[in-house]
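Read through the structure below, which is laid out as structure tokens, and then see the notes.
No lab work stands behind these numbers, since they all come straight from the coordinates. Bear in mind the structure is a predicted one, so any value in this text is a computation, not a measurement. Don't worry about glycine lacking a Cβ; one is built from the backbone with ideal geometry, like all the others, and counts go over all protein chains shown.
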Amino acid sequence: MNTKGQVVVGIVLVVAGLLAFLDTLLGISLWAFAFPLALIALGAWVILRPSRVAAGTRISQQIFGDVVRKGPVADEDVFVLLGDVKIDWRGAPWPAEPVHLNVTGLLGDVRIRVPSDVAVSLESRAAISSLRLDGQKQDAFFAPVELCSAGFAESDQRLYVTVAHLLGDVRIERDAASQESARPWD
């Protein structure tokens, strides 16, 4: 295990296994204690998480439902427990400095539309995921995956995307700015 996400998943699995073992061994339902504690921990994480985000970063939190956004382009941190993230930055002015997008969630897909001249670095830490970027497709099963646009290091317009979720697909789509109003999210 070489990433923090894999360690967390491993710890959760070990704790769940220990609870099930103790439940069987002692005949006491420890799940009655574990589930409320898990909800409390999740609530504390949602409350405290924004304080860990860099200053000037847009923060979006959605427990259930989708986050759908069109420009302007800026650093963003998105948390969606159950739902999709759909961001369309085609046609929006791109800043000179690199843009960072962090998406965290449990279940849901991530789709990002960017202008054709923006180079993208995509990193995903997920239990099960499929990533698509510039004709590259990478499937992941409990392993981190990184994909990068050709010429990323030399590009003036860069987007760093980091996705951490349990289950979902990540797709970066490129469209010319002239197609800005074409096809809605399908």
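Quick notes on this one:
- Contact order for the chain, expressed relative to its length and based on alpha carbon pairs under 8 Å spaced 6+ residues apart, stands at 19 percent.
- Ranked by how many other Cβ atoms sit within 10 Å of their own Cβ, fewest first, the residues W31, W89 fall in the order W31, W89.
- In degrees, nearest ten, helix 4-26 long axis to first principal axis of the chain (Cα): 20
- Most mobile listed residue (R69, R171, R125) in the chain, GNM with C-alpha springs under 10 Å: R69
- Most mobile listed residue (A44, A74, A32) in the chain, GNM with C-alpha springs under 10 Å: A32
- Long-range amide H partners of V68 with built H, under 5 Å: K86
- The chain: mean projected area of Cα convex hull, nm²: 12.1
- Among 75-85, 141-151, the order from most to least packed when residues are scored by Cβ within 10 Å on average: 75-85, 141-151
- Distance between the 7 Å Cα→Cβ label points at V14 and D117: 5.1 nm.
- The chain: most fluctuating residue of V114, V68, V170 per GNM, C-alpha cutoff 10 Å: V68
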